[in-house]
2 protein chains.
Amino acid sequence: MPNFKLRADPGKQDITITYEFNAPAAKVFKAMTDAKMISQWWGPRVYTTEVDMLEPRAGGQWRFINRAADGGEHAFHGVFHLVDAPKRIVQTFEYEGVPGHVSLESMTIEERDGRSFVTAHSVFQSVEDRAGMMQGDAMETGARDTYLRLEELLAAK
Amino acid sequence: MPNFKLRADPGKQDITITYEFNAPAAKVFKAMTDAKMISQWWGPRVYTTEVDMLEPRAGGQWRFINRAADGGEHAFHGVFHLVDAPKRIVQTFEYEGVPGHVSLESMTIEERDGRSFVTAHSVFQSVEDRAGMMQGDAMETGARDTYLRLEELLAAK
């Protein structure tokens with residue numbers, strides 16, 4: 001996956017991930033805002049994903065649950081600040097396992113020659129919050145996995 | 001106003017304001033989530049404030065307009081991630097004059113001996129965004145003004 005890049009400068013409280021998809025922006029955007037498709041790619045491959053809530057519009061809420069084979073669950077939720085198809089989503093993000101720690105995510109898609117260049121930026125409430133979310137390379141591994149799954153899904157459709 | 005404190009460490013992308021009110025948390029929280037009251041204290045004193053939208057609940061939207069005597073307008077909007085009366089609000093914030101730059105605000109109220117200790121934390125998408133919002137000491141002056149206005153309103157009621 002040479003086209004997955006994660007940038008997290010030391011001492012800062014944000015993360016930027018870039019990824020390139022061999023699909024037009026409208027197709028990528030749909031996969032990111034459609035409950036049926038999200039359940040097929042969101043999260044690391046070891047989990048199944050349930051879309052408990054998804055209202056992709058300003059003020060709408062979202063909540064996804066990752067479930068492991070042993071029944072362990074990780075739930076995440078937030079609200080949409082902006083949904084501007086097919087190029088930009090701004091939303092909040094909270095992992096319910098560590099409640100009270102919220103991040104702000106903005107995702108932009110730029111289409112060039114039928115390919116989509118995605119930039120996903122997350123800013124945390126503190127440097128410590130970012131470290132907690134990253135946990136060594138667990139978050140990077142999970143993020144790589146989730147983007148690769150999305151790429152596979154887009155290729156299959 | 002010895003009890004107003006603004007902290008913005010160099011090179012970071014967040015700001016923390018603390019303020020102490022001589023009023024219980026429920027009263028402060030109400031003033032922060034009631035349209036009629038917000039129009040009486042939100043923003044610097046040189047403006048009037050119109051509450052265009054206010055839905056204080058997770059997923060609710062808010063939009064306020066500051067108007068100068070000469071008719072100049074500054075509008076702001078966002079969505080609520082969490083509204084937990086009378087102690088915590090987490091929301092997004094965007095100044096419509098510089099669209100596309102969003103911050104994440106969390107406000108907590110701790111009550112001790114009938115007084116409210118408010119901590120308002122804002123995290124920006126970049127160090128540059130924070131600098132743009134602070135503009136020298138304009139933001140600090142405005143924030144002081146707005147907290148003082150709220151203090152006066154609470155004392156009058």
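The values are calculated or read from the model by the stated rules, or taken from the named source; none is laboratory data. Quantities reported herein were computed from a predicted structural model and do not represent experimental measurements. Methodologically, a virtual Cβ is constructed for each residue, glycine included, from the backbone with ideal geometry; neighbour enumeration extends over all protein chains shown. When the accessible area is computed, the model is the full protein with side chains, heavy atoms only, and any ligands, DNA or RNA have been set aside. Shrake-Rupley method; radii C 1.70, N 1.55, O 1.52, S 1.80 Å.
Odds and ends about this structure:
- Counting only residues at least eight positions apart within a chain, or on another chain, the aspartates and glutamates with an alpha carbon under 19 Å from that of residue B:5 are B:14, B:20, B:105, B:110, B:111, B:137, B:140, B:145, B:151, B:152.
- Sequentially through segment B:57-68, phi angles give Karplus couplings (6.51, -1.76, 1.60; θ = phi - 60°) of 7, 3, x, x, 10, 9, 8, 10, 10, 9, 10, 8 Hz, Gly and Pro residues having no value and appearing as x.
- The accessible surface of segment A:43-157, taken with every protein chain in place and a 1.4 Å probe, is 52 percent carbon and sulfur.
- Note on residue A:30: lysines with a C-alpha under 16 Å away, same-chain residues under 8 apart excluded, are A:87, A:157.
- Cα pair distances in chain A, grouped into 5 Å bins until the bin that holds the longest one, percent each: 2, 9, 17, 24, 24, 16, 7, 1, 0
- For segment A:127-139, backbone phi angles converted through the Karplus equation (6.51, -1.76, 1.60; θ = phi - 60°) give residue-by-residue couplings of 4, 5, 4, 5, 4, x, 6, 6, 6, x, 10, 4, 5 Hz, Gly and Pro being listed as x.
- In segment A:82-115, burial by the other protein chains removes 20 Å² or more of 1.4 Å probe accessible surface, compared with the chain on its own, from A:88, A:92, A:100, A:102, A:104.
- The candidates B:121, A:101, B:74, arranged from most to least accessible area with a 1.4 Å probe in the full protein assembly, appear as A:101, B:74, B:121.
- Value of [θ]222 nm, deg cm²/dmol, for chain A, DSSP H segments ≥ 4, -39500 (n - 2.57) each, nearest 500: -8000 deg cm²/dmol
- Drop in accessible area of at least 30 Å² in the complex versus isolated chain, residues of segment A:1-50, 1.4 Å probe: A:12, A:13
- The A and B chains share an interface that buries close to 1900 Å² of accessible area, total over both sides, probe 1.4 Å.
- Using a 7 Å Cα-to-Cβ projection, residue A:56 label spacings across copies, nm, ascending: 3.3
- Inter-copy label distances at residue A:99, shortest first and taken from points set 7 Å along Cα to Cβ: 3.7 nm.
- A simple spin-label model places the labels of residue A:57 and residue A:3 3.2 nm from each other, with each point 7 Å out along Cα-to-Cβ.
- Note on the protein assembly as shown: Cα-Cα pairs beyond 25 Å make up 52% of the total pair count.
- Whole-angstrom gap from segment B:53-96 to segment A:28-80, using each part's C-alpha centre: 27 Å
- Per residue value of the accessible surface for chain A (all protein chains in place, 1.4 Å probe), Å²: 48 Å²
- Sequence-ordered 3J(HN,Hα) estimates for segment A:144-157 from the Karplus curve with 6.51, -1.76 and 1.60 and θ = phi - 60° stand at 4, 4, 5, 5, 5, 4, 5, 4, 5, 5, 5, 5, 7, 8 Hz, glycine and proline given as x.
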